[in-house]
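The values are calculated or read from the model by the stated rules, or taken from the named source; none is laboratory data. Note that the coordinates shown come from a computational prediction; the quantities given were computed from them, not determined experimentally. When we count neighbours, we look across all protein chains shown, and the Cβ atoms used for this are built from the backbone with ideal geometry, even at glycine.
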Amino acid sequence: MNKSELIDAIAKDAGITKVAAKAALESFIGNVTTTLKKKDGKVSLVGFGTFSVAERAARQGINPATKKPIKIAAKKVAKFKAGADLSLAVSGAKKK
């Protein structure tokens, strides 16, 4: 599913226009992004999952074309950990 298909699905399920659904989705994405940019930023949606930021340490890598070692800089990356309800739904297991 891509962004436009998600907007269509949200509009249909919520009984709202596609314009309103697009605005809601873009607001959600913007707010998650803004929160993750903050120090110790984290967004938790109970049952769905948690968006957070992890720090990757600098490390040694290998250039696949030349086979020479390269330095990979430290950086922050976005993470998502699925919540219990989402994990159960995806695995097909039944909720207890």
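Observations on the model:
- In this entry, GLY83 is excluded by the filter for residues that are touching an Asp or Glu at 6+ places or on another chain (Cβ under 7 Å), surrounded by 12 or more Cβ atoms within 10 Å (Cβ to Cβ) and in contact (Cβ under 8 Å) with a residue 12 or more places away in the chain.
- For the stretch 10-27, a tally of residues being of a type outside the set (S, T, N, Q), under 20 Å from LEU45 (Cβ atoms) and loosely packed, with under 12 Cβ neighbours inside 10 Å returns 2.
- Helices (runs of 4 or more DSSP H) lying entirely in the chain (those with 1 or more residues that are touching a strand residue (DSSP E or B) at 6+ places or on another chain (Cβ under 8 Å) and at pLDDT below 95): 84-91
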